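Okay, structure first, notes after.
The values are calculated or read from the model by the stated rules, or taken from the named source; none is laboratory data. What you see is a predicted model, and the numbers here were worked out from it, not measured in a lab. So basically every Cβ, Gly included, is an ideal-geometry build from the backbone, and we count neighbours across all protein chains shown.
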Amino acid sequence: MVVERYHQMGVAKSRIRVLFEYGMAQAAKVGKENVFDFSIGNPSVPAPAAVADTVRELLEMDPIALHGYTPAGGCAEARESIAADLTKRTGTKIRPENIFFTCGAAPAMTSCMQALAVENAEFLLLAPYFSEYPAYAASTGAKCVVVPPDTEHFQVHVDEVEKRITKNTQAIIVNSPNNPSGVIYSVETLKALAEVLTRKSEEIGHPIYIFSDEPYRELTYDGLDAPYIPSIYPNTIICYSYSKILSMPGERIGYVCVPDCCADSEAVYAAIAGAARALGHVCAPSLWQRVVARNTALRPDLKTYDQNRITLYTELTKMGFRCVKPQGAFYMMVAAPDGDSEGFSDRAKELNILAVPCDGFGCPGFVRFSTCVSPEMIQRSLPSFRKLAASYGLNG
């Protein structure tokens with residue numbers, strides 16, 4: 001006997017992973033240079049040299065100290081460094097005691113959900129949303145309530161949020177810069193959302209939290225910044241990862257930050273720590289805690305990602321595709337010309353262009369292209385994109 005909901009998750013693979021695995025198999029058949037894989041958000045820009053330098057320095061440490069267990073929430077050096085960096089950047093006081101290290105943003109998010117998954121709990125998902133959120137929520141037994149997407153500006157339908165809040169609403173997940181749209185939620189959007197959440201929290205008699213999922217926080221373009229949400233809505237819990245900004249997704253390191261401004265912050269932090277304990281997520285890898293502790297000031301090199309998003313947006317728009325211009329992260333959404341995103345993905349696949357339908361992101365009718373690829377691959381892919389456009393009768 002097995003738990004059926006977990007069995008179903010295991011059988012129903014992520015569409016992203018399925019395409020990624022197909023791309024590897026297809027590359028073996030037709031040559032890697034002839035497969036244009038835009039399916040997965042695997043950074044193509046190498047980790048900064050300082051990361052490798054730090055690893056080499058740390059390997060000179062006493063190996064028992066380096067590779068031994070840290071306290072459950074993280075080593076003091078790492079928590080102090082991140083708290084100081086956040087305080088400097090945000091202008092608000094963050095203490096080391098507000099930080100809890102996790103093995104990336106996914107365990108950060110699942111720990112937060114577990115901590116707040118009281119009986120009949122509901123979590124609001126702003127479409128388009130990261131496709132794994134429903135699986136995280138399902139593991140808690142909580143219900144996901146989807147807020148439909150704004151397919152014109154890709155901000156937030158705040159009125160639709162308000163309609164879906166009930167006495168069981170525990171939190172709303174905000175992901176900005178957004179995966180899959182690449183859009184940054186504006187200060188105006190977040191203020192409007194904060195007003196609704198504040199008012200509805202008072203009406204239902206308990207706080208509604210924001211889980212701010214921030215693995216792309218520093219990946220922004222055109223002089224834009226992702227707003228610091230706790231300064232707009234105090235009841236915000238931050239889930240962060242170094243996978244994307246330091247180009248080391250396989251190392252699985254991140255943290256939860258529960259600021260003091262958050263309602264019941266001490267109890268919430270303790271519940272997140274307890275959930276992480278129950279899930280087996282305590283004591284994130286000690287080597288990588290120390291790496292990020294010494295590199296909190298590092299920022300990603302955005303030149304390649306910026307070039308890629310401009311090239312792909314410009315070229316596909318010229319071909320007649322409707323594209324959502326990314327403001328951050330490294331994804332771009334494209335509307336299926338006939339509204340059939342699954343069909344669009346399949347048709348592209350016949351030309352060895354791999355893109356993910358956004359049905360699983362709560363936004364049918366669009367496909368997602370990861371732009372964290374090599375510029376050369378984008379150039380090689382353009383003739384195939386022109387064939388794809390022609391198959392729809394586009395007049396680019």
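Say we look at the range 253-277 and pick out the residues that are in a helix (DSSP H, G or I) and among the β-branched types (V, I, T); which of these is surrounded by the most Cβ atoms within 10 Å (Cβ to Cβ)? The selected residue is I272. For the subset of the range 156-195 comprising residues that are under 28 Å from E119 (Cα atoms) and of a type in the set (K, R), which member is nearest to the chain's Cα centre (by Cα)? Once the filter is applied, the top-ranked residue is R164.
For the range 21-54, the candidate set comprises residues that are surrounded by 13 or more Cβ atoms within 10 Å (Cβ to Cβ) and among the aliphatic types (A, V, I, L, M); within that set, the residue that is nearest to L279 (Cα to Cα) is I40. Put simply, of I204, I208 the only residue that is hydrophobic (A, V, I, L, M, F, W, C), without any contact (Cβ under 8 Å) to a residue 40 or more places away in the chain and in contact with a strand residue (DSSP E or B) (Cβ under 8 Å, 6 or more places away or on another chain) is I204. Within the range 69-90, identify whether any single residue is surrounded by fewer than 21 Cβ atoms within 10 Å (Cβ to Cβ), in a helix (DSSP H, G or I), in contact with a strand residue (DSSP E or B) (Cβ under 8 Å, 6 or more places away or on another chain) and at pLDDT 95 or above, and answer yes or no. The answer is yes, given that some residue of the range 69-90 is surrounded by fewer than 21 Cβ atoms within 10 Å (Cβ to Cβ), in a helix (DSSP H, G or I), in contact with a strand residue (DSSP E or B) (Cβ under 8 Å, 6 or more places away or on another chain) and at pLDDT 95 or above.
Of all the residues in the range 99-155, those that are modelled with pLDDT under 95 and small (G, A, S) number 9. One residue is enough: does the range 386-396 have a residue meeting the conditions modelled with pLDDT of 95 or more and buried (at least 24 other Cβ atoms within 10 Å of the Cβ)? No, the range 386-396 has no match at all.
F38 falls short of the stated requirement of being aromatic (F, W, Y) and touching a Gly at 6+ places or on another chain (Cβ under 8 Å).
Set side by side, the residues V45, V51, V146 differ, and just one is of a type in the set (A, V, I, L, M, F, W, C), under 30 Å from G182 (Cβ atoms) and touching a Gly at 6+ places or on another chain (Cβ under 6 Å), which is V146.
Filtering the range 55-68 to residues that are charged (D, E, K, R) and either within 14 Å of P285 (Cβ to Cβ) or surrounded by 11 or more Cβ atoms within 10 Å (Cβ to Cβ) (or both) leaves only E57.
Taking (1) at positive phi; (2) not assigned by TED's automatic domain parsing to the domain that holds P383 in turn, E77 satisfies each apart from (1). For the range 162-172, the set of residues classified as surrounded by fewer than 24 Cβ atoms within 10 Å (Cβ to Cβ) and touching a residue at least 12 places away in the same chain (Cβ under 8 Å) consists of E162, R164, I165, T166, K167, N168, T169, Q170, listed by residue number. Where helices (runs of 4 or more DSSP H) fall entirely within the range 281-396, none has at least 3 residues that are free of Cβ contacts under 8 Å to residues at least 24 places away in the same chain, of a type in the set (D, E) and more than 21 Å from K244 (Cβ to Cβ).
Taken together, V156, V145 contain a single residue that is in contact (Cβ under 8 Å) with a residue 12 or more places away in the chain, aliphatic (A, V, I, L, M), assigned by TED's automatic domain parsing to the domain that holds L86 and assigned to a loop (DSSP other than H, G, I, E, B), which is V156. G250 falls short on exactly one of the conditions (1) among the small types (G, A, S); (2) in a loop (DSSP other than H, G, I, E, B); (3) modelled with pLDDT under 95; (4) over 17 Å from L219 (Cα atoms), and that condition is (2). Scanning the range 276-294 for residues that are within 21 Å of the chain's Cα centre (by Cα), closer than 23 Å to T90 by Cβ and not hydrophobic (A, V, I, L, M, F, W, C) returns a single hit, Q289. I need the full set of residues from the range 91-122 which are under 20 Å from D260 (Cβ atoms) and over 22 Å from the mean Cα position of the chain (by Cα), in order please. Scanning the range 91-122 gives G91, T92, K93, I94, R95, P96, E97. Within the range 128-146, the set of residues being over 13 Å from the mean Cα position of the chain (by Cα) and under 19 Å from V161 (Cα atoms) comprises P134, A137, A142, K143, C144, V145, V146. Close contacts from the range 25-37, counting a first residue that is farther than 15 Å from P383 by Cα and a second that is acidic (D, E) and surrounded by 15 or more Cβ atoms within 10 Å (Cβ to Cβ), with Cβ to Cβ under 6 Å and a gap of 6+ residues or different chains, come to none at all. F321 meets each of the listed conditions (1) more than 21 Å from the chain's Cα centre (by Cα); (2) within 29 Å of T110 (Cα to Cα); (3) not assigned by TED's automatic domain parsing to the domain that holds T151 apart from (2).
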